[in-house]
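The values are calculated or read from the model by the stated rules, or taken from the named source; none is laboratory data. Just so it is clear, the structure is predicted and the values come from calculations on it, not from any experiment. Neighbour counts run over all protein chains shown; Cβ positions are idealised from the backbone, glycine included. Remember, those area values only see protein heavy atoms, side chains included, never the ligands or the DNA or RNA. Shrake-Rupley method; radii C 1.70, N 1.55, O 1.52, S 1.80 Å.
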Amino acid sequence: SGAMALFGRRSRPKLIIFILGACTAGYLIFHKNKDKEQGSASRRGVLTGGTAEDTERLQKPVYEKPPLDINALGELGRPVKLELDGDEKKKEEESIKKHQINIYLSEKISLHRRLPVIWNPLCKELKYDYIHLPTTSVVIAFYNEAWSTLLRTVHSVLETSPDILLKEIILVDDYSEREHLKEPLERYISSLRKVRLIRAQKREGLVRARVLGASIATGDVLTFLDCHCECHEGWLEPLLHRIKEDESAVVCPVIDVIDWNTFQYLGNSGEPQIGGFDWRLVFTWHTVPEHEQKRRSSPTDVIRSPTMAGGLFAVSKKYFHYLGTYDTGMEVWGGENLEFSFRIWQCGGSLEIHPCSHVGHIFPRQAPYSRRKALANSVRAAEVWMDEYKELYYHRNPHARLEAFGDVTERRKLRGKLGCQNFKWYLENVYPDIHVPEDQPGMFGMLKNKGMVNYCFDYNPPDDNNVAGHQIILYPCHGMGQNQFFEYSSDNEIRYNTREPAGCATVQPGTEYLTIHLCRKPGLPVPEDHKFILREDSTLFHIKTQKCVQAIDKSDAGSPAPALRPCTDTNFQKWFFEERQ
């Protein structure tokens, strides 16, 4: 297929095609040599001096944005609501169904639109030594992406990145089928400086597509972006400056939301959130803890983050290779961000968010393609990096134990070769705020009732960000962990702790039903109304009300539920934990 591809493109002199050596055989690179750049040292050596004019010259982007048209749709990140009817409304709905993003609207918004300035004003004061900053290659992998969102990303990078710092943009096509991403895309980028295109010869998934892009990058730093982003002014300098200071720092921009339906830019100049995870190995956002605030001396200092969201970060190319790039045994996407986060920290690097680097990102309404492989990816991360703590994950995801996750021998060898810390070190030093369950034998899993056979404690939180507030019900046991996973702690709490922060059973005020509140913070005493004693006779005795938890057929919500009743010797007051093997 390599030869075919070559012959099919004779008529396009602007594209020089060469087939990579054996290491990446089967990949094509499209690269135009229109602007023969001089060596970076000589090119940069010219731009010296320290006046305001010099700085302005050094800051010059690859391309200037066209003049501002304040009335253009979506300009300055404003939301757009189109009044549509009939056919046009149908076209809009179809575009959303196809891409999970309102592409009908995206096509009416300029590819060069400006964003409002929303960073902390102190960021504007920071000065950079442009001549000595490392250069970067921006790597953008895509699969069947819409034309307008992909090219708005490209133009946004070209129009906000200083020419002196941006070595190239590498677009990696992960075997897209859509026609507009074939010849039309090649034609379009052939007129743009510094944009290269490499195509995978089969579907590789995000991880291998990014590694492929990195393998041909010529910049000092790799900056990975998603294919539907827009960059805020001054986004690049802070990332490169931090990596120049410390080559083992992996630095993420603040990820601002661009609404998938209105294209509103929801930037925030306040304190960004940092990444964490819960024991389902799901990525979570949370506020910067006090100990980290104390460590920083200024609002423009980097913020250490236990994990990264995954899509957007910069890393020294040398350090990325030293760390073992990505785990290329991972398929499509999902889970790779936690694996990389654990590896960075455990192997001596640091993972940070720079509050002065902002990049807008469209979070699609839902993932536009399947994440079937995310489970195997998470299992690979657990098997290589989490030591005995992987059991906490498996207890909460019993089906994960059965997942085929491939061979991780090489990744374990890498961990040994780099002399990495264990997971206990990571939890104590990097993420001390996470609640670590005890999972004592016989004290976790499904919480079942002896009288109401095969009914379990079941809890459905209000949403992904709030664990507290709903009533605990009884529901037929399904053995899948998740909403039916509870743990009994040595402090007499019934914990719902598949999520982070953990929830604890307590009594709904003014009723005899149980609800979930946030558990106490580490080091604080357990509130009295959170204490249930699991007695020898299998009763759950609530200390504060001196009553027992009983399975009843109908709560005020109409379904079976646990409720407090005076203690009697009925099987409906007998409870036991069962772990799904």
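Among the criteria (1) under 30 Å from residue 103 (Cβ atoms); (2) buried (at least 19 other Cβ atoms within 10 Å of the Cβ); (3) at pLDDT 95 or above, the one residue 237 does not fulfil is (1). Considering the stretch 244-268, the residues that are crowded, with 18+ Cβ neighbours inside 10 Å, out of contact with any Ser or Thr (no Cβ under 8 Å at 6 or more places or on another chain) and of a type outside the set (Asp, Glu) include one that is farthest from residue 221 (Cα to Cα), namely 260.
I'd like to know if the stretch 52-61 contains one or more residues that are at pLDDT 50 or above, farther than 28 Å from residue 216 by Cα and open to solvent by less than 30 Å² (accessible area, probe 1.4 Å). Within the stretch 52-61, one or more residues are at pLDDT 50 or above, farther than 28 Å from residue 216 by Cα and open to solvent by less than 30 Å² (accessible area, probe 1.4 Å).
Restricting attention to the stretch 224-243, the residues being of a type in the set (Asp, Glu) and in a helix (DSSP H, G or I) number 1. Taken together, the criteria place residue 205 among residues that are modelled with pLDDT under 95 and closer than 15 Å to residue 224 by Cβ.
Within the stretch 480-489, the residues that satisfy the criterion of being open to solvent by less than 20 Å² (accessible area, probe 1.4 Å) and in a loop (DSSP other than H, G, I, E, B) are 481, 485, 489. Can you confirm whether residue 76 is surrounded by fewer than 19 Cβ atoms within 10 Å (Cβ to Cβ), in contact with a Ser or Thr (Cβ under 7 Å, 6 or more places away or on another chain), assigned to a helix (DSSP H, G or I) and not aromatic (Phe, Trp, Tyr)? The answer is no for residue 76. In the stretch 203-218, of all residues being under 15 Å from residue 320 (Cα atoms) and among the basic types (Lys, Arg), the one that is surrounded by the most Cβ atoms within 10 Å (Cβ to Cβ) corresponds to 210. Among the residues of the stretch 485-512, those that are polar (S, T, N, Q) and in contact with a Gly (Cβ under 8 Å, 6 or more places away or on another chain) comprise 497, 498. Only strands (runs of 3 or more DSSP E) whose full extent lies in the stretch 244-294 are considered here, and the ones with at least 2 residues that are touching a Gly at 6+ places or on another chain (Cβ under 9 Å) are 249-258, 283-286. Annotation for the stretch 439-446: at least one member residue is more than 23 Å from residue 518 (Cα to Cα), over 22 Å from the mean Cα position of the chain (by Cα) and touching a residue at least 60 places away in the same chain (Cβ under 8 Å). Where helices (runs of 4 or more DSSP H) sit wholly within the stretch 350-452, those with at least 1 residues that are open to solvent by 60 Å² or more (accessible area, probe 1.4 Å) occupy 390-396, 409-417, 423-429. In the stretch 176-190, the residues that are outside the structural domain of residue 154 (by the TED database) and at positive phi form no Cβ pair under 8 Å with any partner that is outside any helix (DSSP H, G or I) and among the aromatic types (Phe, Trp, Tyr), whether six or more places apart or across chains.
The rows are residues; the columns are (1) buried (at least 18 other Cβ atoms within 10 Å of the Cβ); (2) assigned by the TED database to the domain that holds residue 140; (3) at pLDDT below 95.
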| residue | (1), (2), (3) |
| --- | --- |
| 296 | no, yes, no |
| 310 | yes, yes, yes |
| 315 | yes, yes, no |
| 331 | yes, yes, yes |
| 344 | yes, yes, no |
| 348 | no, yes, no |
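Would the stretch 108-115 turn up any residue that is of a type in the set (A, V, I, L, M, F, W, C) and either at pLDDT below 95 or open to solvent by 20 Å² or more (accessible area, probe 1.4 Å) (or both)? So far as the stretch 108-115 goes, yes, one or more of its residues are of a type in the set (A, V, I, L, M, F, W, C) and either at pLDDT below 95 or open to solvent by 20 Å² or more (accessible area, probe 1.4 Å) (or both). The residue pairs whose first member lies in the stretch 547-567 and is farther than 17 Å from residue 532 by Cβ and touching a residue at least 24 places away in the same chain (Cβ under 8 Å), whose second member is hydrophobic (A, V, I, L, M, F, W, C) and assigned to a loop (DSSP other than H, G, I, E, B), and whose beta carbons are closer than 7 Å, counting only pairs six or more residues apart or on different chains, are 560/452. Of all the listed residues (240, 222), the sole one being of a type outside the set (S, T, N, Q), in contact with a helix residue (DSSP H, G or I) (Cβ under 7 Å, 6 or more places away or on another chain) and either more than 30 Å from residue 496 (Cβ to Cβ) or assigned by the TED database to the domain that holds residue 156 (or both) is 222. Against the test of being open to solvent by less than 50 Å² (accessible area, probe 1.4 Å), more than 30 Å from residue 277 (Cβ to Cβ) and not small (Gly, Ala, Ser), the options 542, 530 yield a single qualifying residue, 542. When restricted to residues that are of a type outside the set (A, V, I, L, M, F, W, C), in contact with a His (Cβ under 9 Å, 6 or more places away or on another chain) and part of a loop (DSSP other than H, G, I, E, B), the stretch 182-223 contains 0.
Go through (1) among the acidic types (Asp, Glu); (2) over 23 Å from residue 52 (Cβ atoms); (3) surrounded by fewer than 21 Cβ atoms within 10 Å (Cβ to Cβ) and name the single condition residue 174 misses. Among (1) among the acidic types (Asp, Glu); (2) over 23 Å from residue 52 (Cβ atoms); (3) surrounded by fewer than 21 Cβ atoms within 10 Å (Cβ to Cβ), the lone unmet condition for residue 174 is (3). Among the strands (runs of 3 or more DSSP E) confined to the stretch 490-576, the ones with at least 2 residues that are aliphatic (A, V, I, L, M), in contact with a Ser or Thr (Cβ under 9 Å, 6 or more places away or on another chain) and more than 20 Å from residue 442 (Cα to Cα) are located at 514-518, 561-565.
Of all residues in the stretch 399-434, those being basic (Lys, Arg) and touching a residue at least 24 places away in the same chain (Cβ under 8 Å) number 4. Tell me yes or no: at least one residue of the stretch 557-570 is over 23 Å from residue 470 (Cβ atoms), more than 37 Å from the chain's Cα centre (by Cα) and surrounded by 16 or more Cβ atoms within 10 Å (Cβ to Cβ). Within the stretch 557-570, one or more residues are over 23 Å from residue 470 (Cβ atoms), more than 37 Å from the chain's Cα centre (by Cα) and surrounded by 16 or more Cβ atoms within 10 Å (Cβ to Cβ). As for the stretch 511-519, it holds at least one residue that is in contact (Cβ under 8 Å) with a residue 60 or more places away in the chain, open to solvent by less than 50 Å² (accessible area, probe 1.4 Å), under 35 Å from the mean Cα position of the chain (by Cα) and over 21 Å from residue 574 (Cα atoms).
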